[in-house]
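Here is the structure we will look at, set down as structure tokens.
The values are calculated or read from the model by the stated rules, or taken from the named source; none is laboratory data. The structure presented is a predicted model; accordingly, all values stated were derived computationally and were not measured. Cβ sites come from the backbone with ideal geometry, for glycine too, and all protein chains shown count toward neighbours. Side chains included, ligands, DNA and RNA excluded: accessible areas come from the protein's heavy atoms. Shrake-Rupley method; radii C 1.70, N 1.55, O 1.52, S 1.80 Å.
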Amino acid sequence: MVCFDSETMATTTIKDVIGTMTYATHEEKELVQRAFTVAEAAHEGQLRKSGEPYIIHPLEIGRMLAEMGVDASTIAAGILHDTIEDTPITSEDIKRDFGDEILFLVEGVTKLGSVRYHGTDRHNESLRRLFVATSRDIRILVIKLVDRLHNMRTLEHVAKEKQFRIAQETLQIYVPVAHRLGIGRLRKELEDLAFPYVYPEDHERVLALTREHRKHDETMLEKCRKSLQRRLGELHLTKFKTSGRVKGLYSLYQKLKRRHWDMNNVYDYLAIRVIVDSVEECYQVLGIIHEVWRPMPGRIKDYIAFPKPNGYRSLHTTVITPYNRVVEIQIRTDDMHRAAELGIASHLVYKAKQHGVPAVTKNESWFRSLIPRFGKTPEVIATRSDAVTIPQWIKEIATSYTHNDVTDDDFGDALHQDFFSTRIFVFTPKGDVVDLPVRATVVDFAFEIHSDIGEHVSGARVNGKFVGIDTELKNGDRVELETSERTHPTPKWLDFAITSQARRKIRAYQNTHRKQ
Ligand code: MN
């Protein structure tokens, strides 16, 4: 089972990482070893903010990825993820030593580093979309999420004034993405790590509410779990597992805010998970539980028949235990459990051995189609024979978008168009994101920033290179505008300005100045 054990953090070695890859071939293990050798040499002499050797960080990421069971290329890329950005290693070096696939992954993670949250809630949804779009491959997102998890675990060593921004970015961008990818395990830990930095007072308040009961709650939960375990055993269910879980503090906080800060109104603070072999047994266990404990009316949820939008499946019921405490019971199969913990990453994982041969999903094309390359039509995605395995929200992200009226919880479901084939995202020098239609030029970008700037734009540096105002921008470009008091819009600008905003302003300028 997946377990990101933070206790062992300081002592992780490449042996641990490779030791975790029990499913891998000799060549795959060698690849990961080679990635480590290169990364270790490259980061030689660098220190983390904590004072530890830098290599600890990529190693931890390698270990967590290996624990998730993802393929060797992703693990190797995870270990190399900071080399291009922070060491003398170049893209050419990676390509020569590790090939195109790993280069693609490492460069993808590097690029994602420039997607930054700047504290304006207005653009959050754009940012999340950009984050997903920039990844191009779900493996890049998974590496980046694990990277963030390790950075959050070590956030205490970062300068005070940066902590808030990083933690807020985690809650605004990384957590929703992890949630939508269904990676429950990552989401919960990221939330709880960020919580005290972003809402210190609320964090204290939630802690205080839970503290007084914690000991008692945990003992009670364990007693219930044992008695349920016994009961299921008596009924000759043989292959099942039970575990107790206490709701994460941040998730509890969200609920408390909606429930007048009364713990008695929170029914899922304590939960017992029952993991069985088959869907049939899920329903059987539900029946048994209702025989043993009184269920609360209206609290039975069948997410097996009706999965949540992010793919989550389980049966939930809330019961009143003999200790007069309400406990939620979650019943699911092993597969459902794995999917709930790892979400989309579980598809990157080596499948259970079939005919004694491990089946790898890595080369299956379905996840490559998740984030469509620009130009692919949504129909291509929707009609794929393997489309059933693509979570609904991803189909939505790929096929729909409403520009200004996207709400936080709504990943956009009104306008159906191939969002990523019609929009590009470019960066300001500060890393802010501006989204523009495909084929937009420097002039369009300038008017998007401010009409004053638009009316005086004389050129730009795109990714450091000087270009003219008619230059088309590409996804991910970093654009630094140059202005001059002597420059003004001319009718010729309409030949290459394509946004309605820019065209309107250029025409308006012509009209005013013709009259004068
Ligand atoms: Mn990193």
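Before moving on, here are some points about what is shown:
- Restricting attention to segment 292-328, the residues being more than 30 Å from Val177 (Cβ to Cβ) and in a loop (DSSP other than H, G, I, E, B) number 10.
- Residue tally, condition within 22 Å of Phe427 (Cα to Cα) and out of contact with any Pro (no Cβ under 8 Å at 6 or more places or on another chain), over segment 494-508: 6
- Qualifying residue in segment 198-205 (condition: outside any loop (DSSP other than H, G, I, E, B), over 21 Å from Thr333 (Cα atoms) and aromatic (Phe, Trp, Tyr)): no
- Just one of (1) crowded, with 19+ Cβ neighbours inside 10 Å; (2) in contact (Cβ under 8 Å) with a residue 24 or more places away in the chain; (3) part of a helix (DSSP H, G or I) fails for Arg187. It is (2).
- Filtered residues of segment 479-504 (kept if among the basic types (Lys, Arg) and buried (at least 16 other Cβ atoms within 10 Å of the Cβ)): Arg503
- Residue check, Lys215 modelled with pLDDT under 90 and assigned to a helix (DSSP H, G or I): yes
- Breaking point among (1) in the same structural domain as Pro307 (by TED's automatic domain parsing); (2) at positive phi, for Arg231: (2)
- In segment 38-51, the residues that are open to solvent by less than 50 Å² (accessible area, probe 1.4 Å), modelled with pLDDT under 95 and more than 11 Å from the ligand (Cβ to nearest atom): Ser50, Gly51
- Of all residues in segment 142-183, those that are under 26 Å from Arg338 (Cβ atoms) and within 14 Å of the ligand (Cβ to nearest atom) total 14.
- Boolean, Ala35 is buried (at least 20 other Cβ atoms within 10 Å of the Cβ), free of Cβ contacts under 8 Å to residues at least 60 places away in the same chain and in the same structural domain as Arg153 (by TED's automatic domain parsing): no
- Residues that are out of contact with any strand residue (DSSP E or B) (no Cβ under 6 Å at 6 or more places or on another chain) and in contact (Cβ under 8 Å) with a residue 60 or more places away in the chain do occur in segment 191-206.
Rundown of residues vs (1) modelled with pLDDT of 70 or more; (2) of a type outside the set (Phe, Trp, Tyr); (3) more than 16 Å from the ligand (Cβ to nearest atom), yes/no style:
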{"position": "Glu85", "(1), (2), (3)": "yes, yes, no"}
{"position": "Gly99", "(1), (2), (3)": "yes, yes, yes"}
{"position": "Leu105", "(1), (2), (3)": "yes, yes, no"}
{"position": "Lys111", "(1), (2), (3)": "yes, yes, no"}
{"position": "Asp121", "(1), (2), (3)": "no, yes, yes"}
{"position": "Ser126", "(1), (2), (3)": "no, yes, yes"}
{"position": "Leu130", "(1), (2), (3)": "no, yes, yes"}
{"position": "Ser135", "(1), (2), (3)": "no, yes, no"}
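- Members of segment 52-83 that are of a type in the set (Ser, Thr, Tyr) and within 11 Å of the ligand (Cβ to nearest atom): Tyr54, Thr83
- When Thr242 is tested against the conditions (1) of a type in the set (Val, Ile, Thr); (2) more than 24 Å from Ser278 (Cβ to Cβ); (3) not in a helix (DSSP H, G or I), the lone failure is (2).
- Given (1) open to solvent by less than 20 Å² (accessible area, probe 1.4 Å); (2) away from the ligand (no atom under 16 Å from the Cβ); (3) free of Cβ contacts under 8 Å to residues at least 60 places away in the same chain, number of the condition Glu222 does not satisfy: (1)
- Among residues of segment 152-168 that are under 18 Å from Glu201 (Cβ atoms) and not assigned by TED's automatic domain parsing to the domain that holds Leu47, none has a beta-carbon under 6 Å from a residue that is small (Gly, Ala, Ser) and part of a helix (DSSP H, G or I) at least six positions away or on a different chain.
- The single residue among Arg332, Arg313, Arg325 that is within 22 Å of Leu232 (Cα to Cα), open to solvent by 40 Å² or more (accessible area, probe 1.4 Å) and at pLDDT 90 or above turns out to be Arg313.
- Among residues of segment 467-493, those that are without any contact (Cβ under 8 Å) to a residue 40 or more places away in the chain and closer than 20 Å to Ile424 by Cα, counted: 7
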